[in-house]
1. Considering only segment C:180-197, state which residues are within 20 Å of the chain's Cα centre (by Cα), modelled with pLDDT of 95 or more and surrounded by fewer than 20 Cβ atoms within 10 Å (Cβ to Cβ).
2. Kindly establish whether residue C:114 is more than 10 Å from chain D (Cβ to nearest Cβ), at pLDDT 95 or above and over 21 Å from residue D:184 (Cβ atoms).
3. Out of B:174, B:201, B:167, which single residue is more than 9 Å from every other protein chain (Cβ to nearest Cβ) and within 26 Å of residue B:122 (Cβ to Cβ)?
4. Name every residue in segment D:15-58 that is within 12 Å of DNA strand F (Cβ to nearest atom), away from chain C (no Cβ under 14 Å) and touching a helix residue (DSSP H, G or I) at 6+ places or on another chain (Cβ under 9 Å), in order of residue number.
5. Among the numbered criteria (1) within 14 Å of chain B (Cβ to nearest Cβ); (2) touching a helix residue (DSSP H, G or I) at 6+ places or on another chain (Cβ under 9 Å), which single criterion is violated by residue A:87?
6. Restricting attention to segment B:125-138, and to residues there that are more than 15 Å from residue A:183 (Cβ to Cβ) and touching a residue at least 24 places away in the same chain (Cβ under 8 Å), which single residue is farthest from the other protein chains (Cβ to nearest Cβ)?
7. Of all the residues that make up segment A:41-55, how many are more than 22 Å from residue A:119 (Cα to Cα), surrounded by 13 or more Cβ atoms within 10 Å (Cβ to Cβ) and within 11 Å of DNA strand E (Cβ to nearest atom)?
8. Given (1) over 30 Å from residue D:45 (Cβ atoms); (2) within 16 Å of DNA strand E (Cβ to nearest atom); (3) modelled with pLDDT under 95, where does residue C:12 come up short, assuming only one miss?
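The values are calculated or read from the model by the stated rules, or taken from the named source; none is laboratory data. Everything quoted here is computed from the prediction, not taken from an experiment. In this analysis, Cβ positions are derived from the backbone assuming ideal geometry, glycine residues included, and neighbour counts consider all displayed protein chains.
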DNA sequence: CATGAATGAGTTTTCATTCAT
DNA sequence: TATGAATGAAAACTCATTCAT
């Protein structure tokens, strides 16, 4: 059929298609770049090789990202968004706050297990861009914490978690524990299964060391 | 031996003195270098400026360290040793295992509070030397853990901490929590006093979130 | 021919119209390009921005000029032709040779006063295209000089200018003086009015420094 | 003799010698660079080839000049100073103002005849560094003019040059004529001998075109 | 031991030009 | 004709390391 009664005229369709092509290629670049940045480090990763790896010309890279630095940030941001999404998705089906927490923790650990490159990117970012006031990870932190604060408050009001430690402290401590665990898993390796680790972490988070 | 009965034999004394001079300068270099590496990052820190800063010639640096990389490792190692010493010193006067842990945690947090450059050095190391199998921090980790394992085991045998979580898990979890807290304090700032933070951390470590 | 008896036959008219459209756009490109080349220099002027400035696509520029270099030459040539026309127009109404000279000098100075971009283009041309045997300015020089040689010869034959200096020398000297004045006005600024400058220049040309 | 009663102790002598070595090499670089900048243009002259040409490493160039731009300026400045010196030297032995002018004009034309590279450098400077408020040539201009103003004033007071044109105008006109002549000689070639040209220029400067 | 001049490999980014649509 | 995405060559500058003095 030449020109059906489609609501989107050819011109727009072309533009949309064009725009989609662009978005797809952008993402392909980000994915490959993230891997490389993580594998060999920001400084040692050169744009020429990245381009060759992607099968495009060096200059083409610059049609999608204005600089190596911006490309790097795009990688870090993409990772953070994926992580957030993974955690949300894991918690979402569960109504009970404690269950939400339980699944969120699990999803967090699992995400970095499956995407070790993003752990590396956090490190690279901090090391290479000290001038950025706060690393991307901590930019997202407050936003994430906002959502969980409500959950903890509700639990506290229901008397289901202790009241002698402010919610704010709890958020920090759980966050720090997970943050440290993610790093340690990555750098030193995890000796036990993710399930075991998750169970042990939750056991301590819930009841602490004392009997 | 050609050394006469002089209380300080000239030859040896000369050598010793020489050796001491050398050690002192080595340390001076390491201290200044650690600060610079932390402040501006490994890649942006150049040997020329470091030498100028120390008031010595660029070539002289190479009489003390064979390369920039080795100098950097020396900085990281020095930091780890200081940290270990600080923690040991804090725990040592206390006989009771729980008190030892209490003071050790406090000393750990305090050390990185007072030496933020060492937090940075860990980051720099991981970012710049991916080829090294494990970061220095994790090299020391097993050694440190060995000493604390005994403490936790003793507590468990005494029934003073829970038995349903293996000591190994406890060591990991406490370690990870502290590791995460140290990083977060450094990157995102600490909103409360060290004492408060310490108290909150210990409260959760001891009793968990549940009431 | 398929062209009906329309007053403007479609085919020819279309071609002519087409050709005119093309000429107009060529000129528009040259004008804008001349300004940009002059303002920011040949090397710093990029085809992409020029195209954007003109509201056309980068590739379209290449439908009108085979290369950046050729576009540049077109700009310089256009400038020279305008200058020549301005000088001719100024001299044309005057019959008396001395008056013709007087008005031509004035027109020359005025042209570069009003079109400083062409001064810049001469500079740019020489700096960027050393391989061209002679700059455009000097290509036109002989041609211009031919026309004026007759004027000077006539004056000399009439005994109205001195005979102890060959006309050739006079042409050179007057040309050089104007050339130098044009540059100096442009680069160092003119401290007096164009009229005053013109008068002073003519006074020296006519009578020299001596009383 | 090992260490004669020389007034300069070894240390100073070493430093002085070092400093002289450096000055000599600086000059060697400037000379070679001036030639290359003039021959192939500022933009097309790359530091790598210049270094190779000088038999030194690229990095060494940067020990003497902080950037390509600064090296270029050093070349232009050196040329201006040599020119000034040549003109001074030519005028200096003569007491009579008219003779001083006569010899200065001659020296000016001769200098650029023998150092065509400096003509090119003026062009290159203007073309490549439009941001510099005024080209080097015009920076020196006022300074040079200051010295000659006195000469012309004296002549005017003695009634040896005309009084109906201000000295300021005369300075400008003579300057512009020489400036234009220098450029034209360089770009279009000189058809007659320097002596002839000099004579013709002086004839017009002194007496103008009219009989 | 100490110096610091010399080295040269290594990398990001720009932009004129092409060509498939 | 017009477009603009893709290309890839080209060059300034840095800095760890060496070595003659």
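1. Within segment C:180-197, just C:194 meets the criteria.
2. Working: more than 10 Å from chain D (Cβ to nearest Cβ): yes; at pLDDT 95 or above: yes; over 21 Å from residue D:184 (Cβ atoms): yes.
The answer is yes for residue C:114.
3. On the way: B:174 fails: more than 9 Å from every other protein chain (Cβ to nearest Cβ); B:201 fails: more than 9 Å from every other protein chain (Cβ to nearest Cβ).
After applying the criteria, what remains is B:167.
4. Let us first name the residues in segment D:15-58 that are within 12 Å of DNA strand F (Cβ to nearest atom), namely D:17-18, D:21, D:33, D:36-37, D:40-52, D:56-58.
Subsequent filtering for residues that are away from chain C (no Cβ under 14 Å) retains D:17-18, D:21, D:33, D:47-52, D:56-58.
Matches in segment D:15-58: D:33, D:47, D:48, D:49, D:50, D:51, D:52, D:56, D:57, D:58.
5. Every listed condition holds for residue A:87 apart from (1).
6. First pass over segment B:125-138, keeping only residues more than 15 Å from residue A:183 (Cβ to Cβ): B:128-129, B:131-133.
Narrowing further to those that are touching a residue at least 24 places away in the same chain (Cβ under 8 Å): B:128-129.
Details: B:128: 7, B:129: 9 Å.
Looking at residues that are more than 15 Å from residue A:183 (Cβ to Cβ) and touching a residue at least 24 places away in the same chain (Cβ under 8 Å), I get B:129.
7. Result for segment A:41-55: 2.
8. Against the list (1) over 30 Å from residue D:45 (Cβ atoms); (2) within 16 Å of DNA strand E (Cβ to nearest atom); (3) modelled with pLDDT under 95, residue C:12 comes up short only on (2).
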